[in-house]
Amino acid sequence: ELSPQEYFSSLQAGRASLAYFSHNVSPGAQPFLEQIEHSAEALQDYGVSVVKVNCPKEDVSRYCGKENALRKAYLFRGNMLIREFPTDALFDVNSIVANVLFALLFNEVKYVETLADLQNIENTLKGRSNMVFAYVPATGTAEHRAVMEAAFVYGTVHQFVLTTEAMLLKDTGNGESDASSARLLFCHCQRATDLAQPCRRTAMGQTLTMLNIHRHLKLMGAPLVTEVAEDPEKVSTVHLQLGLPLVFILSQKETYEADRRTAEFVAWQLLGKAGVALLSRDLVDLNILLRSNVALKTPDEGVPIKYLVLEDTDEVIKLVEDKNKVKRIQEDEEENEEDEDEKENNSQDIQDDQVVEAVSRDKKRELPLEQILVLTEETFHSALSETARTVVLFYASWEAVSLAMLRSYTKVADHLKGMQGVLLSRVNCWDWPSVCTAENVTQFPTIKIYKKGERAVMYDGMWGTEELTSFIMLSRVSCPLKLATVDEAERYLRGEFPSELSSYHHTSLLGVFSTATNEARKAFEEAGNILTGHVTTGMYFEDDALALSRKYAVSPPALLLSRSGGQSVEGIALSKQSAQEMVQMIRYELLDVFPEITVQNLPRYLQLRKPFLILFGDGDISQMESKEMLKLAKGGPQQEFVACWLNLKKTPVGRGVLKAYFATVPSLPVLVWVNLHAGGQVFKFPSEQSITETNVLSWLGKLKAGLEIPSSTLSEEDWKPPLPAYDFLQMMETAVPELALHTSHHRRDTSERRPSESPGGDTGVREEPSQETKAEKVGSPGRDLRGTAPRLAAREKQGKRHSEL
Amino acid sequence: LGLALYAGSLRVASGAAFLYHDYCVIGAGPSGLQAAYFLQQASRDYVVFERSHAPGSFFALYPRHRKLISINKRYTGKSNGEFNLRHDWNSLLSHDRQLLFQRYSRDFFPNADAMVRYLEDFASLLKLRVQYNTAIVHVTLERDGQAWNGHYFLLTDQDRQNYKCSSLLVATGMWVPNVVNFPGSEYVEGYETVSINPEDFAGQTVLILGRGNSAFETAENILGVTNFIHMVSRSRVRLSWATHYVGDLRAINNGLLDTYQLKSLDGLLEGDLEDLAIVKDKKGKLHITLRFYLDNRNTSAGIDSITLPQDELDNFATRAPYDRVIRCLGWKFDFSIYNRSLRMMPGKGNKKKYPQIKPSYESRGTRGLFVLGTASHSVDFRKSAGGFIHGFRYTTRAVHRLLENRHHGVPWPSTVYPITQLTNSIIKRVNEASGLYQMFSVLADIILLRENATAFEYLEEYPVGVLAELEMQTGRKAPNGLFVIIMEYGRNFSGADKDVFYYNRAVGEAQHAWQSNFLHPVIYYYKRLPTEHEMRLRPPDWPLPRPDAVHHIVEDFLTDWTAPNAHILPLRRFLENCLSTDLRNFFAESCFLFAFTRQKLPPFCQQGYVRMQGLVGSEGLRRHAVEAGLLEDYTLADFLGDRPPDSREGSQDQLLRDHAIPVRPLQHLVNAKDE
């Protein structure tokens, strides 16, 4: 604040200043004064000082005297008046800065109103320098200010042209953009030689902010194509520094010229979106496929460079654009997450365990547990001795997984209602820990089947209703079952014997032994025992076993495997095998050749640790395809892969799998090769080819030769904690600095210690009024019942804020 | 075997002079019998020496007024036997459910006779080998390089019979009454002999020396018939509900606090008994004076010539003469029977009544000598329950386990679990374990991680003071880091002068759990076993050195730490972040999706689903999970098309978003390179 004399005498030549003259502050000028004060700092960056001149009452000189002058602000350079601004044009900081710079940069920023003006400027610039053309809907806006600020910096490098005419924007070929939003185009006139043609233009995609304009101009200034002769991992360009990807065109001596042209073409397309570099393979020793012709380096650290084989420049462009799209989505999400963080502060205390959450949402529903007997420490042993077979579910009433199982268990009880000789029961290990310890229950849930006078069988199948029901059904029959006559054996293979299972669809396994094959028989007996509940096993070792073996063309010892009620019986020769080996072998034989993969049976096939060839179908697959696939599965050097199909109607989660592979669900049926256990590459069988054995085999051949490009690669990422934990150690160290001193790892400087509280006394803590706590309580009245956060919490929060400051 | 053979031959060779046993236990009180039980269960060669004709002779006499102050809570609303031991302060540990104290008394504060009966039954029903009427009067050492500890313990009884043992377990308790000597202390009656008939005190004025439970118990008994009672002691009264220490003054005995504060003539005084003197006047009344006045005088001169404080200070507090002075100053350990070579030293400061022992309960002076029971309380004096049955029954078991490992190669019992059971195993223990609860901050459960954190080994109730020696003491290895599960009161919450009822004393929010005041579980995580040096340098009042991470499970009003969101979820996050893995549970459907879309699986799927133990879940549960946004319902995908899932419903999709990086499938387009 100066007096007029002081002001005019302080003006230096070449220095700009914005002055406002006033007698005494009139109420109407108050908001304007505030704005002008705020803009002082911003204008200082551009060498413009802001002065409020206090006119003495009697002063009637040029600026102070005129009544009108008091409604204006004056811009001086030195003591020369450049422009008068009516105060209503300077409504906020943006408008002040924009207008002041606009006046000062009169020569650097040309204002145009007609297309002819624009073309004139453009033509004069051709071959000399580039042009920055900006459209703003109105002057004095934030966008206008951003353009002016950019012009202040780049005005000597590029010619800035400004317009507020929407028509002009349309004429320059940007008609589709609506006139309400500002636009900025970079016109590459320096390179232009043809006077008849307009300069090449690159529009800026982002909103007009100082930072974005700066970024855009920086990108425009970067060389179109960078030539690279070093390890691409080490290359860094303006683009990568600005968070944009860098595309490498891999070149060889022979094709250099063509590649250079390609690179330039791509570079023009990607200008402002990605950088393009030309990498000479001859100069760099690259350990990559010879066929690769493009590489993509993303600005994210730790992401390796991707080498690709692309056939078309469009693909390169699409690749980059998709990448940017994904990135933008991610950024949006991050912003959302931040918002949520602010709102919620802690998403840590939101349950993210699907099982726990599902069970707690279901806790108010009363379970139909009438069918299931509750056992206690007192009744456990007596109950077991009363029924032929007792199924016991050991669970803990607080443990989600075992509670989930309890729900399936009630359904099992429904299925088995009325079945003789089977008792379903449960033991809550939270009530009766000694029973559970005595029964060696170390996991929740555990299911055991106790047979009178026999060792208990531990259920080791899927925790589901059907699987458990089947297990209980099958384990009713002793395993292996000794068959007395050939007739019985035949009926057994047809699934008619034993009668308990006749109505139940199952697979039967019959061991045929001669009297001489005692050892194999023993192993089979043991194996049968282990497989109890999973498959029925029977055995026949009477003298006339030969008749049976002759009929099915096997020589004892042998196994007969009967699927679907004896319609097909396979013979399997047994050699000297241990019981364990036999179990392995039987498990393997039970697998289907071309199975339908379901959630329940996948693990059995996963254990083969082979790649999967899966035919995804919406509903059943056609007979033709199934025939071809079956041929594929059976033929050739067997079992290099698991051929299977997936019915999306039955296993809807298959859609999730497809989405993960291809982003969207492709047209069905689709044949996919997934190497789950090595590399995780996913290949899609070309949809235009028909699924025949020969087509698929030749495709597989190409896969193996590395001639096909994977559609996607499964992430190798480890399963990390989904969210951080509360860092109590750090909180404690903040509150009790002594603790930090006791660390042997890193001792902190003593000067960091807060003055320690009086020894042994937390009185200071207790006495202070708990405004924070009160506030918290008002905000969340329900919380009181859960206990109240003590003052210390509030203290700690304050402390946190201080450290942030 | 070599040792056993050697010991056997020794028994024969020196049979005439010595009766040999691997283990000798002195004292058939609660801790001696408890030790005998574990030795018997392990089929060890042991004997218990008891000077009386029956077990628990201390309880036959004490407490004088026969009311035990250890609670006998018969109902908790729970059937969990382990949990119920948290509120049973009298039973010893055994497999026999008949031997629960609640079968011996219906009283909440039972009569001491019930304890005597209980201990008799415990010894006889379990057929423990107790040699009664055998008072060990001398213990010495015999050096022998072959012996377990480099020496044998030679015990001599009152009949000069000698016994030889490899290991000596001292369970003699604390039975020598503390006495103070000052001029006139001959007029003082002791707690051990004072009349318990209130009638004997009718119309009398009584001074009680001491301020422990025995002093208040004595006062309580005669409160109604005396003129008034004064109680004098050096320290201020320590109320157990403020200190959270069961050995301090219990509310059941504190009637005198009422009558003092409600101006009914009774009162408490602070003063050093050492400065005191008592003089008796001609009428037999006892006057309090100070030793200082007597030092200058000839005591034989008679009462009249002795200066009394009120002569100079006429409002001296205890100027009224007393009819009786009763000493209730507690007991100390009997150091007298040990030969100097055993170096049984009294502790320092307020622990001088206890023998010096290490946190492993082994004597500091002699290897192979362990102190059990109430005499071992120096480890946690005025902190935890190690001086009481409900505490030392666990520490005795811990000592037994240490011995099994040291002498018999039986490592500390442990169970190995898959990592998916980590949260469960901790939740199970913190909710029911009685040893952790009673011996808070002293005994801890230890979780030893296996390589790659796919499995862990669970050790129960290890003495936390010897954590650094864990590998040597337990025979278990801890190369991959460990969790220590312990229970703690809030720091700065307990204390004689603390207001434990202040407003907002309870913490309810899981994120403030570290400020919990009431007993709550705390889990320490160490990437490697702390060293002895680190144990020594631990912060004051910390049971353990600074961990790599720590978690507090927020205190709970019901001590029920099974709430899915407030208790289990933060614990899971803590464990996940220590192990750097994802410990969530998943339905089989999710595991199926992960199996096809990721190269690695979370532990729950890896150890369950892949091994054909996936959790299929009921339809209703899956629907709940879908509603919670934690599971995507793909059956709806048909109708929704490929609309990008919004952030709420699509979190499953978020899980998957960047797991597979789609690359544009290459279509055979016209080559446009000829631009």
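The values are calculated or read from the model by the stated rules, or taken from the named source; none is laboratory data. None of the values given here were measured: they were computed from a predicted structure. All Cβ positions, even for glycine, are placed from backbone atoms using ideal geometry, and neighbour counts span all protein chains on display. What goes into the accessible areas is simple: the full protein's heavy atoms, side chains included, and nothing from ligands, DNA or RNA. Shrake-Rupley method; radii C 1.70, N 1.55, O 1.52, S 1.80 Å.
Couple of notes before you dig in:
- Checklist (1) modelled with pLDDT under 95; (2) crowded, with 17+ Cβ neighbours inside 10 Å; (3) part of a strand (DSSP E or B) applied to residue B:147, failing item: (3)
- Considering segment A:96-172, the qualifying helices (runs of 4 or more DSSP H), each wholly inside and each with 2 or more residues that are within 26 Å of residue A:77 (Cα to Cα), run over A:142-154.
- Subset of segment B:82-94 [part of a helix (DSSP H, G or I) and more than 21 Å from residue B:107 (Cβ to Cβ)]: B:82, B:83
- Taking the criterion of being at the interface with another protein chain (Cβ under 7 Å from one of its Cβ atoms), at pLDDT 80 or above and either open to solvent by 60 Å² or more (accessible area, probe 1.4 Å) or touching a strand residue (DSSP E or B) at 6+ places or on another chain (Cβ under 8 Å) (or both), the residues of segment A:718-754 that qualify are A:718, A:720, A:724, A:725, A:726, A:728, A:729, A:732.
- Identity of the residue in segment B:108-142, at pLDDT 95 or above and of a type in the set (D, E, K, R), that ends up surrounded by the fewest Cβ atoms within 10 Å (Cβ to Cβ): B:127
- Residue in segment A:156-206 that is nearest to residue A:130 (Cα to Cα), counting only those that are of a type in the set (Ser, Thr, Tyr) and either surrounded by 14 or more Cβ atoms within 10 Å (Cβ to Cβ) or at pLDDT 85 or above (or both): A:202
- Near pairs, Cβ below 6 angstrom, 6+ apart or cross-chain, from segment B:587-600 (more than 7 Å from chain A (Cβ to nearest Cβ)) to any residue that is open to solvent by less than 10 Å² (accessible area, probe 1.4 Å) and not in a helix (DSSP H, G or I): B:591/B:614
- Among residues of segment B:560-619, those that are closer than 27 Å to residue A:672 by Cβ and of a type in the set (Val, Ile, Thr), counted: 3
- Unique residue being surrounded by fewer than 21 Cβ atoms within 10 Å (Cβ to Cβ) and at the interface with chain A (Cβ under 8 Å from one of its Cβ atoms) when the list is B:620, B:614: B:620
- Filtered by the rule that a residue be of a type in the set (D, E, K, R) and at pLDDT below 85, segment A:533-588 gives A:542, A:543, A:544, A:550, A:551, A:563, A:570, A:576.
- A count restricted to segment A:610-620 and to residues that are open to solvent by 20 Å² or more (accessible area, probe 1.4 Å) and within 11 Å of chain B (Cβ to nearest Cβ) stands at 1.
- Just one of the listed residues (A:658, A:676) is in a loop (DSSP other than H, G, I, E, B), within 11 Å of chain B (Cβ to nearest Cβ) and hydrophobic (A, V, I, L, M, F, W, C), and it is A:676.
- Test: residue in segment B:156-167 that is in contact with an Asp or Glu (Cβ under 6 Å, 6 or more places away or on another chain) and either closer than 21 Å to residue B:406 by Cβ or open to solvent by less than 10 Å² (accessible area, probe 1.4 Å) (or both): yes
- When B:434, B:441 are checked against the criterion of being farther than 20 Å from residue B:551 by Cα and either open to solvent by less than 10 Å² (accessible area, probe 1.4 Å) or of a type outside the set (Lys, Arg) (or both), a single residue qualifies: B:434.
- For segment B:238-256, the condition holds for at least one residue, the condition being that it is surrounded by fewer than 18 Cβ atoms within 10 Å (Cβ to Cβ), among the aliphatic types (A, V, I, L, M) and under 31 Å from the mean Cα position of the chain (by Cα).
- Residues of segment B:425-452 satisfying the condition of being of a type in the set (Lys, Arg) and within 14 Å of chain A (Cβ to nearest Cβ): B:428, B:429
- Residue in segment B:440-454 that is out of contact with any Asp or Glu (no Cβ under 6 Å at 6 or more places or on another chain) and more than 20 Å from residue B:525 (Cα to Cα) present: no
- Checked against the criterion of being touching a residue at least 12 places away in the same chain (Cβ under 8 Å), open to solvent by 50 Å² or more (accessible area, probe 1.4 Å) and touching a Phe, Trp or Tyr at 6+ places or on another chain (Cβ under 6 Å), segment B:168-181 contains one or more residues that satisfy it.
Condition check ((1) aromatic (Phe, Trp, Tyr); (2) open to solvent by less than 50 Å² (accessible area, probe 1.4 Å)) across all residues:
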{"position": "A:76", "(1), (2)": "yes, yes"}
{"position": "A:97", "(1), (2)": "no, yes"}
{"position": "A:110", "(1), (2)": "no, no"}
{"position": "A:113", "(1), (2)": "no, no"}
{"position": "A:123", "(1), (2)": "no, no"}
{"position": "A:134", "(1), (2)": "no, yes"}
{"position": "A:141", "(1), (2)": "no, yes"}
{"position": "A:147", "(1), (2)": "no, yes"}
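- Reported count of residues in segment A:478-514, each being basic (Lys, Arg) and farther than 19 Å from residue A:571 by Cβ, is 1.
- Of everything in segment A:404-420 that is more than 9 Å from chain B (Cβ to nearest Cβ) and not in a loop (DSSP other than H, G, I, E, B), the residue that is surrounded by the fewest Cβ atoms within 10 Å (Cβ to Cβ) is A:414.
- The set of residues in segment A:421-434 that are at the interface with chain B (Cβ under 10 Å from one of its Cβ atoms) and touching a strand residue (DSSP E or B) at 6+ places or on another chain (Cβ under 6 Å) contains only A:429.
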